[in-house]
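Below: the structure, in structure tokens.
Here, each number is a calculation from the coordinates, and none is a lab measurement. This structure is a prediction, so every number in the text was calculated from the model and none was measured. Methodologically, a virtual Cβ is constructed for each residue, glycine included, from the backbone with ideal geometry; neighbour enumeration extends over all protein chains shown.
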Amino acid sequence: MGILNVTPDSFTDGGKYLDTHRALDRIGEMIDQGASIIDIGGESTRPGARPVPEQMECRRVLPVLEKGLDLFPKTFFSVDTTKYGVARQALGMGAHMINDVSGLRKEPRLIELCAEYGAALVIMHSIGTPETMQDSPRYDDVVRQVAGYLKEKGDRARKCGVEQVIVDPGIGFGKTTRHNLALIGCLQQICEKGYPVMIGASRKSMIGAILGDEKTPRAPEDRLSGTIAIHYHALLNGADILRVHDVRAASDSLAIFRAVKAALPS
């Protein structure tokens with residue numbers, strides 16, 4: 001899944017693709033590099049980000065989606081939103097998936113909406129809001145709690161008629177570095193719940209913290225090697241979809257992963 005942020009304030013590429021023509025060029029580039037899903041987002045969810053009005057999010061996302069669907073008819077398009085109105089308009093245009101980073105906490109009706117349109121639904125675990133989620137997050141057992149939450153919401157969506165449910169443990173969304181690493185290391189416990197698992201760790205702050213030092217984390221643009229390492233561990237532990245900024249590098253690492261796996265004795 002290639003990330004397209006049509007926002008002015010996303011943590012790694014904010015402002016780069018606000019122009020529709022530049023956004024479409026970026027979609028074409030990511031498809032050429034190996035992306036089979038394009039995820040368009042019009043509201044930043046980086047730590048500390050403030051929400052935007054629904055109309056503004058629609059103005060950012062829908063023109064790109066409309067033209068993208070026309071220009072790239074063989075590509076699977078996802079819209080990264082927590083808002084019912086944005087999701088309804090996107091699905092009405094032909095979007096194939098809604099990626100809900102609130103995990104249905106903000107808008108439970110997304111289940112019925114995706115069922116109505118026959119769309120896929122990504123349910124991501126998070127706590128709080130982007131403004132508050134990193135304010136001392138606490139868990140008794142992060143892997144057990146996240147896995148249980150995703151199983152509960154996934155079962156509800158499936159029972160209500162959503163045929164394609166994908167779950168995401170929400171790396172960096174209300175988790176410390178220790179929580180994130182536990183989720184990656186024990187990802188099989190989430191995969192065992194019966195839903196395809198998506199991982200979005202691309203260039204995130206935990207990588208900067210691990211590769212930098214206490215006072216100076218590694219900058220987002222210098223986190224590619226760390227991203228590939230985290231995603232490779234996720235693949236080894238059962239991840240099905242990688243949500244990435246650096247599509248070519250991810251595609252290359254996935255090709256190596258598949259080649260090694262194919263060479264193993266049966």
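Checked against the criteria, TYR139 does not count as in contact with a helix residue (DSSP H, G or I) (Cβ under 9 Å, 6 or more places away or on another chain), surrounded by fewer than 20 Cβ atoms within 10 Å (Cβ to Cβ), in contact (Cβ under 8 Å) with a residue 24 or more places away in the chain and within 22 Å of ARG158 (Cα to Cα). Here is a check on your reading of the model: is ALA115 touching a Cys at 6+ places or on another chain (Cβ under 6 Å), small (Gly, Ala, Ser) and surrounded by fewer than 21 Cβ atoms within 10 Å (Cβ to Cβ)? Yes.
In the set ARG203, ARG243, ARG223, which member is out of contact with any helix residue (DSSP H, G or I) (no Cβ under 8 Å at 6 or more places or on another chain), surrounded by 14 or more Cβ atoms within 10 Å (Cβ to Cβ) and touching a residue at least 12 places away in the same chain (Cβ under 8 Å)?
On the way: ARG203 fails: out of contact with any helix residue (DSSP H, G or I) (no Cβ under 8 Å at 6 or more places or on another chain); ARG223 fails: out of contact with any helix residue (DSSP H, G or I) (no Cβ under 8 Å at 6 or more places or on another chain).
The unique qualifying residue is ARG243.
Entry remark, segment 31-90: residues being of a type in the set (Lys, Arg) and over 30 Å from ASP252 (Cα atoms) number 5 in total.
The residue of segment 49-92 that is surrounded by the most Cβ atoms within 10 Å (Cβ to Cβ), among those that are among the aromatic types (Phe, Trp, Tyr) and within 20 Å of ILE241 (Cβ to Cβ), is PHE77.
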